[in-house]
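Have a look at the structure below before the remarks.
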Number of protein chains: 2
Amino acid sequence: MGLAKSELFTNDQNQIALLAKVFGHPARVAILQHLFKINSCVCGDLVTIIGLAQPTISQHLRELKQLQLIKGTIEGTSVCYCINYEKWTTMKIIISKFLNMDSNNSSNCC
Amino acid sequence: MGLAKSELFTNDQNQIALLAKVFGHPARVAILQHLFKINSCVCGDLVTIIGLAQPTISQHLRELKQLQLIKGTIEGTSVCYCINYEKWTTMKIIISKFLNMDSNNSSNCC
DNA sequence: TTTGTCTATTGCAATATTACGATTAATAAA
DNA sequence: TTTATTAATCGTAATATTGCAATAGACAAA
């Protein structure tokens, strides 16, 4: 079907999946890593840095923007992107909570 | 295309994406949460718990097994699944490192 | 052996994702 | 105004994902 049956799952489970999904492509990982590395806005040169076509990068940026993990500011003809640190922190709390499930119990039965 | 151009990215970026992808579906999130919750093997009742058809659950389990995040032990006619704590820890280190990129620099420019 | 139970696999339909060429929209510069 | 630059959107092709019915395979019990 290609469509997840999200009504079967809790809001928490759906939210974790939604956030994780955006990290599920190396281009979006690379974009985020670059934004953190330069620690300021990136205006335009992401296409050159990543190596994918401009519409493709634009599509990946839109997905990151939809989850508000990045912000875009219009600067003349170009657009400057940077990390939305507030949302990044919120996301990190949700994902970390999920990843640290093992801290309670760590006995392996098999 | 539907196919990521993984040759454009580093091994690190591809690995992060690959791991994140498996968490990008609420059913797999729910399966993992259940395995941690009961803290022992689950033999067979995952289909009842999740509410998806048996072949669908089997498919999700296979993806989790491929990344070795879970282990399956044959127990008579049924199969018992449990968390692979070692691999879980390895995965957690990789993802956490990625998520904590913001700890170095946290000044927002826009 | 036969029957029942449980899980994996196969095959397929519906939908999603990825990628990019072509185009559009917006602004800056000439 | 015209031209150039930059990014978003549209349209489309190729591939991936999700979900399930049907089937197969493995084992236990009768």
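The values are calculated or read from the model by the stated rules, or taken from the named source; none is laboratory data. Remember, predicted model here, so these are calculated numbers, not experimental data. So basically every Cβ, Gly included, is an ideal-geometry build from the backbone, and we count neighbours across all protein chains shown. Areas reflect the complete protein model, heavy atoms only, side chains present, ligands, DNA and RNA absent. Shrake-Rupley method; radii C 1.70, N 1.55, O 1.52, S 1.80 Å.
Taken over the stretch A:31-45, the criterion of being open to solvent by 10 Å² or more (accessible area, probe 1.4 Å) and among the hydrophobic types (A, V, I, L, M, F, W, C) is satisfied by A:Ile38, A:Cys41, A:Cys43. Looking at the stretch A:51-110, which of the residues that are within 30 Å of B:Thr73 (Cα to Cα) and more than 9 Å from every other protein chain (Cβ to nearest Cβ) is least open to solvent (accessible area, probe 1.4 Å)? Ranking the qualifying residues of the stretch A:51-110, first place goes to A:Ser103.
Yes/no matrix, rows are residues, columns are (1) of a type in the set (A, V, I, L, M); (2) near DNA strand D (Cβ under 8 Å from one of its atoms); (3) modelled with pLDDT of 95 or more:
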| position | (1), (2), (3) |
| --- | --- |
| B:Leu8 | yes, no, yes |
| B:Asn11 | no, no, yes |
| B:Leu19 | yes, no, yes |
| B:Ala27 | yes, yes, yes |
| B:Ala30 | yes, no, yes |
| B:Ser40 | no, no, no |
| B:Ala53 | yes, yes, yes |
| B:Leu61 | yes, no, yes |
| B:Glu75 | no, no, no |
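Of all residues in the stretch A:62-80, those that are more than 25 Å from A:Thr90 (Cα to Cα) have Cβ atoms under 6 Å from Cβ atoms of residues that are of a type outside the set (Gly, Ala, Ser) and at pLDDT below 95, 6 or more apart or on another chain, in A:Glu75/A:Cys43; A:Ser78/A:Cys43. The number of residues in the stretch B:1-31 that are over 18 Å from the mean Cα position of the chain (by Cα) and among the small types (Gly, Ala, Ser) comes to 3.
Is it the case, given these coordinates, that A:Ala27 is open to solvent by less than 50 Å² (accessible area, probe 1.4 Å), touching a Pro at 6+ places or on another chain (Cβ under 6 Å) and touching a residue at least 12 places away in the same chain (Cβ under 8 Å)? Judged against the criteria, A:Ala27 is not a match. If you check B:Phe9 against the conditions, is it among the aromatic types (Phe, Trp, Tyr) and more than 13 Å from DNA strand C (Cβ to nearest atom)? So B:Phe9 fails the test.
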